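What follows is one structure encoded as structure tokens, with my remarks underneath.
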Amino acid sequence: MDGQPSSDIIDEIRDIPLYRTSIEQGFFPILEKPEIARGFPDNWMTPALAKALEEGEAEFVLSTGTNHARMQIIRPPYFLLKTYYRLWSEHPDIADTWHEGCRRVSLTTLLATEHVARVNAKKRGVLPEGVPTLDARRLDERTVYLNLRLDPALWLREDVERMIGEIRTEQRAHPQGRYHLDCSGYHLAHLIRKAREWGLWADFPQPASVITAYEYTPANVRAYLERYLDCPVVDLFGSTELGYLYYSDHNGRYHPYLDRMSLELIPVAPGSHIHSLIVTSLRSPHMPLIRYRSGDCVRTIDGSTDPAKVTRFCGREKELLPTPRGLVSQGDLDDAVTTAAPSVFLYQLRTEGDDGLRLLCTTFDGAPLEAAEQVGLEKFIGELTGLPCQAEHRTHIPIGISGKYAWLKKDS
């Protein structure tokens, strides 16, 4: 039967309480997040796991919870980082920056920076600093985190000057002055915009390679980054519990990266070409996931359920918007925005009850929308959803408490 684990996989998970009923019945249903949490951690506990926890070879961590409730998981220390480093070292476009020893500068959420600072403080047996120093924000000898504010739109000139200075510090550590920039696409776009606005762009050290890896990067944002960065900009797709599953090349094409993993694609609704991503993974030996619904949605080049034909990741399943024209994903909206208005930077779609939709958006240069762009946005989104839409320019769209942007706000 499609998706059912092989006998070799069953042998590896036989002692895990969560899977006993499925093994006895000879059928593994799709594993949902609530099932992972129910009875945790006893539902995962085996003698081998208990020993690994005791010896520090396994640890409890929380998923990011950006788009769903935070979920406790079990994994080896630095599981996600090691997956990232391996992929970086093997990527056909940017492996040279790994093997040259380039340092990694990470520009992403404040929560990520605070986590690194807390871990380092705990190692030293001290309380975290109110404003962590550069050394307090070093994840390891290779990676440092930059961001010290929740909302990058509210960075001050002094923030941008500090970050550019810290990037220069990392750049100078390399014999050829090269470094690798790891980021949320939104955060890097904010930094570029502000550096240009305040006359600091000439001081910004050009990276040797860039990875966007923390959230969906809209096409307009990616085009903006590529316009100002003279290096490959590649995207990684993955999660805290799974590691990375796909990477893009410099042309934007996605390739599977499925070490000890397999995938199924299941339409989110009958006849839909949006598919749920179902993952079987033995990559984490302490928490193998069998037919796990990651919550992510994808599209394929031909609408089929062939994981090798994935061409884009289009957001979270829980954020699909029901419309008269069918379910609409973040990626679908992004296509409409990109087609209609290349000047749009941030956007947020809001439902208005029976009255239709409002699209709030900022622009890269801060100027109001051109009349043709506003008309185009309202037209394309109306055609996509079958609902009337009003586009409105904003100078600021606040970021979420997680440090990531919500593309959709539904009536509560």
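Rule-based calculations on the coordinates, nothing more; no lab input. Bear in mind that the values here come from a model prediction, so they are computed numbers and not experimental data. Cβ atoms come from the backbone with ideal geometry, glycine included; neighbour counts cover every protein chain shown.
When both region 118-155 and region 304-349 are represented by their alpha-carbon centers, they are found 34 Å apart. Loop-located trypsin sites (Lys or Arg not before Pro) in region 4-101 (DSSP state not H, G, I, E or B) with no more than 15 neighbouring Cβ atoms inside 10 Å: R14, R38, R70.
Here region 1-154 was treated as a single set of alpha-carbon atoms; its pair distances binned every 10 Å from 0 give 9, 26, 31, 23, 11, 1 percent. Take the Cβ atoms of E90 and I401, set R0 to 41 Å, and the FRET efficiency comes out at 0.70.
Taking F380, F237, F40 in turn, the Gaussian network model of the chain (Cα-Cα springs below 10 Å) assigns the largest fluctuation to F40. Overall size of region 94-231 from C-alpha positions, given as principal axis extents largest first: 45, 35, 28 Å.
Most tightly packed first, judged by the mean number of other beta-carbon atoms within 10 Å of their residues, the peptides 299-307, 178-186 read 178-186, 299-307. Inverting the pair-averaged 1/r between distinct Cα atoms of region 320-409 gives 13.1 Å as its Kirkwood hydrodynamic radius.
So which GluC sites (Glu not before Pro) in region 86-154 pass both tests, a DSSP loop state and at most 16 other Cβ atoms within 10 Å of the Cβ? Write down the numbers at each step before the final one.
On the way: sites: E90, E100, E114, E129, E141; in loops: E100, E129, E141.
Within region 86-154, the qualifying GluC sites (Glu not before Pro) (loop, at most 16 other Cβ atoms within 10 Å) are E100, E129, E141.
Kirkwood analysis of the chain, using all unique Cα-Cα pairs, places the hydrodynamic radius at 22.8 Å.
When each full DSSP H helix of the chain is screened for a Cα extent of at least 20 Å along its own axis and an average Kyte-Doolittle hydropathy of at least 0.0, the helices passing are 371-385.
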